[in-house]
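I have a structure I would like to understand better, so I am pasting it below and will then ask my questions one at a time.
The values are calculated or read from the model by the stated rules, or taken from the named source; none is laboratory data. Since this is a predicted model, take the numbers as computed values, not measurements. All Cβ positions, even for glycine, are placed from backbone atoms using ideal geometry, and neighbour counts span all protein chains on display. Surface areas here come from the heavy atoms of the whole protein model, side chains and all, with no ligands, DNA or RNA. Shrake-Rupley method; radii C 1.70, N 1.55, O 1.52, S 1.80 Å.
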Amino acid sequence: MCRIEGEMEERERRRRRWGLGVMGLKGTTLGVSRVEKLKSSVVFSRSRMKLWMIRATTMVLLWTCLVQLTTLGELWGPRVLKGWPCCFSQESAAALVVKSRLEVPARVLPPKRVYKNNGYLMVSCNGGLNQMRAAICDMVAIARYLNVTLIVPELDKTSFWADPSEFQDIFDVDNFIMSLRDEVRILRELPPRLKRRVQLGMIYTMPPISWSDISYYHNQVLPLIRKYKVVHLNRTDARLANNGQPLEIQKLRCRVNFSALKFTPQIEELGKKVIRLLRQKGPFMVLHLRYEMDMLAFSGCTQGCNKEEVEELTRMRYAYPWWKEKIINSDLKRRDGFCPLTPEETALTLRALDIDPSIQVYIAAGEIYGGTRRMASLTAAYPNLVRKETLLEPSELRFFQNHSSQMAALDYLVSLESDIFVPTYDGNMAKVVEGHRRYLGFKKTILLDRKHLVDLIDQYNAGSLTWDEFSAAVKEAHAERMGNPTKRLVIPDRPKEEDYFYSNPWECLEPSNEDETSSSI
């Protein structure tokens, strides 16, 4: 019995030793595993800590930048930052949005026109400001019709005035591009690859035919653009016919002229100042006295000039080879109405029309040929003669000096706002201002009948007419020449002799005015 109990005790001791051994083995294995897990967890925890630190640092930096941008946005930032709701209440965010709208009104741009681009059109305008202005309007309409990209036009720098002004020196180029984006794609310059080709002389240049129908450009010019990718049109004045064009083309010409071609802010502000100074002293009349040296030399009109002046004008006419007419009969041209009125003839005409002698007369012109001697009669009849040079300080005109087109732009703005506009010659400025004043509500524009006037003046100077008879005849001749509604004169096959589109763009006037037009014809 004792033996059995002893064996049982021995087995129990062995069993316990075996269990402890197994447990010891397991403990050893588990200990190693736990150490490895602990090491892994430490490494993992450190990685997570680093990642958390990076994220936290990034968030702090982003938050700091956002706060700084939001603060700066109050001064110059985008409108989206001003309305950012991050740390503002809904009320403060809404207040910021309203404030931003009040401070900087949003500009509503027309949508871009989507079309297949057929190529690129470069244009070089020639002549003075208003000759180039009309050419730009024509070229935009042509680019639109041909589905081509227009490059901002190049202005004339080689004419008599030798004005070095670029397009952006006279016109607001951003307004020009953006306001027409739903009609025409306009770029400041060619893409680099094509620009390089042009610099290498790989470009097709041509002068389009004057007074051409829009179909001419579709049939003759468009194939050239598709072939060469870039076509350069030079001498672009009077290159689109006055009449017979699609209505949408005519309306686009008006849109460019009256909306897209705004002058630079500097020119606009100075023009407003001149108008304000004139208005402070009452009504004013703008007299476009086209009696400058270049006009007289070009036209060959020498009425009232002395022998030395006649010789000087003749030399100047021969000095410019592109002025084709050389031998000119001044007296014959004057009788046919092709000469600008002289200052003496202008004074008689204004008096005969009963223009108030006390009215301010703003002279929109360059230097009058003959100076004080030739202006004596006009100054005696209308002593309140003014010019931009007498209304403004020299410092205000300093940046416009030697830039004839920019000076002409100032005269253009003042002419539009005058109570009466009187051109003494139907040049480009006279025609374009006449049309613009029609567009603004048929403002009073006295269109002088020079052929009839010089005949009446000669009769009066010869004593054949009394003053009362002369005055009555002048008034009767101009009763229907005050810028009244009327349709353009159309002369088939003689476009040079018909009425100019930009002097009377009747397709662009209000319907009520067109109704008046039809009843007055």
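For the range 357-376, how many residues meet the condition of being without any contact (Cβ under 8 Å) to a residue 60 or more places away in the chain and surrounded by fewer than 18 Cβ atoms within 10 Å (Cβ to Cβ)?
Here the count works out to 6.
Here's another thing I want to ask about it. Go through (1) without any contact (Cβ under 8 Å) to a residue 24 or more places away in the chain; (2) touching a Cys at 6+ places or on another chain (Cβ under 7 Å) and name the single condition residue 333 misses.
Answer for residue 333: the failing condition is (1).
Further question on the same structure: Evaluate the range 197-212: report whether one residue or more is of a type in the set (Lys, Arg), open to solvent by 70 Å² or more (accessible area, probe 1.4 Å) and over 25 Å from the mean Cα position of the chain (by Cα).
Within the range 197-212, none of the residues are of a type in the set (Lys, Arg), open to solvent by 70 Å² or more (accessible area, probe 1.4 Å) and over 25 Å from the mean Cα position of the chain (by Cα).
Could you grab me the full set of residues in the range 474-500 that are within 26 Å of residue 415 (Cα to Cα) and in contact with a Phe, Trp or Tyr (Cβ under 8 Å, 6 or more places away or on another chain)?
Across the range 474-500, the qualifying residues are 483, 484, 485, 486, 487, 488, 496.
How many residues are in contact with a Phe, Trp or Tyr (Cβ under 9 Å, 6 or more places away or on another chain) and over 20 Å from residue 144 (Cβ atoms) if we restrict to the range 201-227?
4
Do you know which residues across the range 392-405 are in contact with a helix residue (DSSP H, G or I) (Cβ under 7 Å, 6 or more places away or on another chain) and surrounded by fewer than 16 Cβ atoms within 10 Å (Cβ to Cβ)?
Result: 396, single match.
Next up: Considering only the range 285-320, how many residues are farther than 25 Å from residue 383 by Cα, open to solvent by less than 20 Å² (accessible area, probe 1.4 Å) and of a type outside the set (A, V, I, L, M)?
5
I've got another one for you. Quick test for you: out of 427, 435, pick the one residue that is under 30 Å from residue 266 (Cβ atoms) and either in contact with a Gly (Cβ under 9 Å, 6 or more places away or on another chain) or open to solvent by 60 Å² or more (accessible area, probe 1.4 Å) (or both).
After ruling out the rest, the residue left standing is 427.
Can you tell me how many residues in the range 346-388 are in contact with a Leu (Cβ under 7 Å, 6 or more places away or on another chain) and charged (D, E, K, R)?
The qualifying residues number 1.
Right, something else. Return the residue satisfying two criteria in turn: it lies in the range 467-485 and is part of a helix (DSSP H, G or I) and of a type in the set (Gly, Ala, Ser), and of such residues it is surrounded by the fewest Cβ atoms within 10 Å (Cβ to Cβ).
Among those that are part of a helix (DSSP H, G or I) and of a type in the set (Gly, Ala, Ser), it is 472.
Moving on. Would you please list the contacts, defined by Cβ atoms under 9 Å and residues six or more apart or on different chains, that run from a residue in the range 442-466 that is part of a loop (DSSP other than H, G, I, E, B) to a residue that is open to solvent by 50 Å² or more (accessible area, probe 1.4 Å) and hydroxyl-bearing (Ser, Thr, Tyr)?
Within 9 Å, the pairs are 466/460.
Still on this structure: Does the range 312-321 contain at least one residue that is at pLDDT 95 or above, in the same structural domain as residue 447 (by the TED database) and assigned to a loop (DSSP other than H, G, I, E, B)?
No, the range 312-321 has no match at all.
If we scan the range 321-342, do we find a residue that is open to solvent by 40 Å² or more (accessible area, probe 1.4 Å), of a type outside the set (Lys, Arg) and touching an Asp or Glu at 6+ places or on another chain (Cβ under 9 Å)?
no
Also, quick follow-up: Please work out if residue 348 is within 17 Å of residue 446 (Cβ to Cβ), open to solvent by 20 Å² or more (accessible area, probe 1.4 Å) and touching a His at 6+ places or on another chain (Cβ under 9 Å).
Considered against the rule, which asks whether it is within 17 Å of residue 446 (Cβ to Cβ), open to solvent by 20 Å² or more (accessible area, probe 1.4 Å) and touching a His at 6+ places or on another chain (Cβ under 9 Å), residue 348 comes out as no.
Any residue at all in the range 491-503 that's small (Gly, Ala, Ser), touching a residue at least 12 places away in the same chain (Cβ under 8 Å), under 24 Å from residue 240 (Cα atoms) and open to solvent by less than 60 Å² (accessible area, probe 1.4 Å)?
Let us first name the residues in the range 491-503 that are small (Gly, Ala, Ser), namely 503.
Next, only the ones that are touching a residue at least 12 places away in the same chain (Cβ under 8 Å) stay: 503.
Filter again for under 24 Å from residue 240 (Cα atoms), leaving 503.
Okay, now just the ones that are also open to solvent by less than 60 Å² (accessible area, probe 1.4 Å), so 503.
Yes: one or more hits.
Further question on the same structure: Within the range 265-273, identify whether any single residue is of a type in the set (Gly, Ala, Ser), touching a residue at least 60 places away in the same chain (Cβ under 8 Å) and not assigned by the TED database to the domain that holds residue 125, and answer yes or no.
Yes: the range 265-273 contains one or more residues that are of a type in the set (Gly, Ala, Ser), touching a residue at least 60 places away in the same chain (Cβ under 8 Å) and not assigned by the TED database to the domain that holds residue 125.
Here's something else I'd like to know. Using beta carbons and a limit of 8 Å, which pairs, at least six apart or on different chains, have the first residue in the range 293-317 and at positive phi and free of Cβ contacts under 8 Å to residues at least 40 places away in the same chain and the second one surrounded by fewer than 16 Cβ atoms within 10 Å (Cβ to Cβ) and outside any helix (DSSP H, G or I)?
Partner pairs satisfying both residue conditions: 300/325; 300/329.
Let me spell it out: the conditions are (1) surrounded by 13 or more Cβ atoms within 10 Å (Cβ to Cβ); (2) within 14 Å of residue 353 (Cβ to Cβ), and residue 461 meets all of them except one. Which number is the exception?
Of everything listed in (1) surrounded by 13 or more Cβ atoms within 10 Å (Cβ to Cβ); (2) within 14 Å of residue 353 (Cβ to Cβ), residue 461 misses just condition (2).
Further question: Filter the range 406-424 down to the residues that are polar (S, T, N, Q), open to solvent by less than 10 Å² (accessible area, probe 1.4 Å) and in contact with a Leu (Cβ under 9 Å, 6 or more places away or on another chain) and list them by number.
418, 424
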